[in-house]
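The values are calculated or read from the model by the stated rules, or taken from the named source; none is laboratory data. This structure is a prediction, so every number in the text was calculated from the model and none was measured. With ideal geometry, Cβ positions are generated from the backbone for all residues, glycine too; neighbour counts draw on all protein chains shown. Areas reflect the complete protein model, heavy atoms only, side chains present, ligands, DNA and RNA absent. Shrake-Rupley method; radii C 1.70, N 1.55, O 1.52, S 1.80 Å.
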Amino acid sequence: MSDHNNHNEEQHGKKPGTKREMSRRQFLSYTLGGAGGFMGAGIIIPMIRFAVDPVLQKKSESDWVKVVEESKITNVPQSFTFQVHQVDGWYESDAELVAWISKDSSGKLFALNPTCKHLGCTVNWNDNPAYKDQYFCPCHGAHYTQDGKNLAVAPKPLDEYTTKVENGFVYVGQLHANTRV
């Protein structure tokens with residue numbers, strides 16, 4: 001039987017358990033494929049970093065913006081414009097925003113954003129005779145109380161700015177959901 005195994009090994013030209021060597025073609029394919037992949041990654045990784053980097057940046061709290069002297073604020077809402085510096089990815093701009101600022105019955109100061117929560121139109125105070133002493137949206141008839149509570153059409157109350165008074169001036173900060181209603 002052992003003669004038979006020896007004969008088969010000689011006939012096929014290889015012994016059991018021997019390694020197959022890599023051909024020149026395989027070596028070049030692996031080498032060129034690896035080098036091409038490495039160079040491709042060198043091009044693609046900076047592009048991915050460029051696209052993802054703004055998402056990875058730590059978000060900073062918004063700065064306080066000086067808007068108006070405290071002495072000018074009354075119980076009747078007044079519209080005041082102010083500028084904020086915005087950074088959106090790599091685009092920086094100075095946006096002009098509006099706040100309706102007034103005092104409530106207890107004398108506490110508050111500021112509301114004039115963007116209607118229905119479809120984003122701008123609301124005005126006491127603008128429609130049918131809705132006296134209310135914010136009114138001319139686009140679709142939404143109206144709100146002086147505190148920004150939604151009365152009709154709009155699903156949510158007007159958003160509110162964080163406010164503070166310092167050295168006789170009113171400052172507005174971050175915009176958030178209305179806490180007054």
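Quick look at the values:
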{"item": "Listed residues LYS58, LYS156, LYS66, most fluctuating in the chain (Gaussian network, C-alpha, under 10 Å)", "result": "LYS58"}
{"item": "Amide H contacts of PHE169 (H built 1.01 Å from N, under 5 Å, at least 5 apart or other chain)", "result": "GLU70"}
{"item": "Accessible-area composition of the chain, carbon plus sulfur, in percent [1.4 Å probe]", "result": "54"}
{"item": "Accessible area (Å², per residue) of the range 49-180, counting only protein heavy atoms and a probe of 1.4 Å", "result": "61"}
{"item": "Under DSSP loop assignment and at most 10 Cβ neighbours within 10 Å, longest GluC sites (Glu not before Pro)-free interval of the chain", "result": "62-181"}
{"item": "Size of electric dipole in the chain: Cβ of Lys, Arg +1 and of Asp, Glu -1, about Cα centre, debye, nearest 20", "result": "600"}
{"item": "12 Å Cα cut-off, lysine pairs counted over the chain (separation 8 or more, or different chains)", "result": "5"}
{"item": "For the range 76-92 versus the range 31-55, the gap between their alpha-carbon centres in whole angstrom", "result": "37"}
{"item": "Relative contact order (percent, whole number), the range 98-181, Cα cutoff 8 Å, 6+ residue spacing", "result": "23"}
{"item": "Value of Rg to Rh for the chain (Rh from inverse mean 1/r over Cα pairs, i.e. Kirkwood)", "result": "1.58"}
{"item": "Which of ASN126, LEU97, PRO155, positive extreme of dipole for the chain (C-beta unit charges)", "result": "PRO155"}
{"item": "Relative contact order %, the chain, counting alpha carbon pairs below 8 Å whose residues are six or more apart", "result": "16"}
{"item": "Point-to-point label distance, ASP63-THR145, nm (Cα→Cβ direction, 7 Å offset)", "result": "3.7"}
{"item": "Long-range HN-HN contacts of ASN178 with modeled amide H, under 5 Å", "result": "GLU160"}
{"item": "Relative contact order [Cα under 8 Å, 6+ residues apart], the range 35-97, whole percent", "result": "22"}
{"item": "Selected from VAL165, GLN146, GLY40, residue furthest toward positive end of dipole (the chain; charges at beta carbon)", "result": "GLY40"}
{"item": "Table column - 3J(HN,Hα) (Hz), the range 165-181, Karplus curve with 6.51, -1.76, 1.60, x for Gly and Pro", "result": "10, 9, 6, x, 10, 8, 10, 10, x, 5, 8, 8, 5, 5, 9, 8, 10"}
{"item": "Mean Cβ neighbour count within 10 Å, used as a protection proxy, ranking 132-141, 111-120, 22-31 highest first", "result": "111-120, 132-141, 22-31"}
{"item": "Using alpha-carbon coordinates, inclination of helix 24-56 to the longest axis of the chain, degrees", "result": "10"}
{"item": "Whole-Hz ³J(HN,Hα) from phi, Karplus 6.51 cos²θ - 1.76 cosθ + 1.60, for the range 63-76, glycine and proline x", "result": "7, 6, 10, 6, 10, 7, 6, 4, 5, 8, 8, 10, 7, 9"}
{"item": "Amide H contacts under 5 Å for CYS116, placed H, 5+ residues apart", "result": "CYS121, THR122, VAL123"}
{"item": "Cα gyration tensor, the range 99-153 - rounded (a/c under 1.5), prolate or oblate", "result": "prolate"}
